[in-house]
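As C-alpha cells, the structure follows; a few thoughts come after it.
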Amino acid sequence: MNPRTWLAVSVLFWSGAALAENGAQVKLPDLSALSAKASESVNITLDASLLAMAGRFLDDKNPGDADAKRVISGLKGIYVRSFTFDQPFVYPQADIDALRKQLGAPGWNRLVEVRSRQDSANVEIYVFTVGDKPQGLVIISSEPREFTLVNIVGSIDLEKLHQLEGQFGVPRLGLEEKKPPTQ
Amino acid sequence: MTSHFENELRQALRPAEPPDGFAARVLAKLPAGSTAPARAPIIAFRAASHVTRWWPAALAASFIVGIIATLMTLEHHEQLAGLRARQQVMEALRVTSDKLDLAYRVVRNASAVETNREEQR
C-alpha cells in the first residue's frame, strides 16, 4: 500500500471513528430555566477525561465500585439532566421535540417507548449503533414531578448493564431484544 | 589651561606609599584598649563571605521547597476532583438505572395486564 493510500485509509478510519463518537453524543437542551423551578436538580457532565479520572478513584475491592468501573470502562461520556418538582410540572415540549429530532439521525433507533397512564410516566430509550454494537444511549423520562434526560456515549455493554442488577436497582430488561412500543 | 589643571590634579591624586613608621605612629595615637576594632573588619569580612557562601544554597532550597509545595497542592486538587468525579459517576449510574427500572416496571405492568386479558378470554 503506497503512502497516499495509507494516509487516505487512516483519515477515513479516524473520521469514521470520530463521527461515530460524535453521532452518539446529542446536544441536550438548555434547561436552566427548569433549575430555577425545581426543588432538586442533577446536572452531570462527564467527558472521557473525567471518566478516566473517576475510574482511578473507584475501589476494585468494593463490589459497587468494581461494577461501576466495568460499566464505564468503554464509555466516552455521561450526561445527565434531572429535575424534581414539588408540584406536577409541564415540561417544555419544544426542547424535547428538538432532542427527538436529533434522535432521528442515522444510527439512532428507538429501543423502548413506554407510556403509562397509571404511573403517568413516559419513558423513551434510544440506542445509537455502529454496525451491531451499541455506541450511545439516550433516555427521556417524564413523570408528573420528575423529568430526566440521560445521554451515554461510548461502547455500552448491555450485559454489563444487566450485571448492575442489585447494585443500582437495575433489573434484567432484555434490552438486547427490541420491544415494540407500548401505547 | 585645562590640560595643565588636569595634570596637576593627577599629580596630586596619584597613589603614594606612606612614609616609614606611619602605621606605628597612627596606632600609637589610638586610645588604650582599642585593639579590638582592628579585628572587626576581619570578622565582618568573614561574616560577609559566610553569607555569600550559603546564599545560593538557601535560594536553591527555597526553590525546591516551593516546587514540592506546588506539587502537593496540585495533587490535593486532583484528588478532590477525582473524588468528585467518582461521586458524579455513581449518581449518574443511579439515575440511569432508576429510569431503566421505571421503563421495566411499566413494560412489566403492561405485560401483566395483557396476560390477564388473555386468561379471561
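The values are calculated or read from the model by the stated rules, or taken from the named source; none is laboratory data. A quick note: this is a predicted structure, and the numbers were derived from the prediction, not measured. Here the Cβ is made from the backbone with ideal geometry for all residues, glycine too, and neighbour counts use every protein chain on show. Accessible surface areas use protein heavy atoms only, side chains included; no ligands, DNA or RNA. Shrake-Rupley method; radii C 1.70, N 1.55, O 1.52, S 1.80 Å.
Descriptive notes on the structure:
- In the set (1) loosely packed, with under 15 Cβ neighbours inside 10 Å; (2) small (Gly, Ala, Ser); (3) farther than 24 Å from A:LYS27 by Cβ, the condition left unmet by A:ALA94 is number (3).
- Considering residues of region B:55-91 that are under 16 Å from the mean Cα position of the chain (by Cα) and of a type in the set (Val, Ile, Thr) only, the residue nearest to the other protein chains (Cβ to nearest Cβ): B:THR73
- Selection status of B:ARG108, open to solvent by 80 Å² or more (accessible area, probe 1.4 Å), farther than 14 Å from A:THR45 by Cα and within 7 Å of another protein chain (Cβ to nearest Cβ): no
- Taking region A:36-49 as the range and being in a strand (DSSP E or B) and either of a type in the set (Asp, Glu) or open to solvent by 20 Å² or more (accessible area, probe 1.4 Å) (or both) as the test, the residues that pass are A:GLU40, A:SER41, A:VAL42, A:ASN43, A:THR45, A:ASP47.
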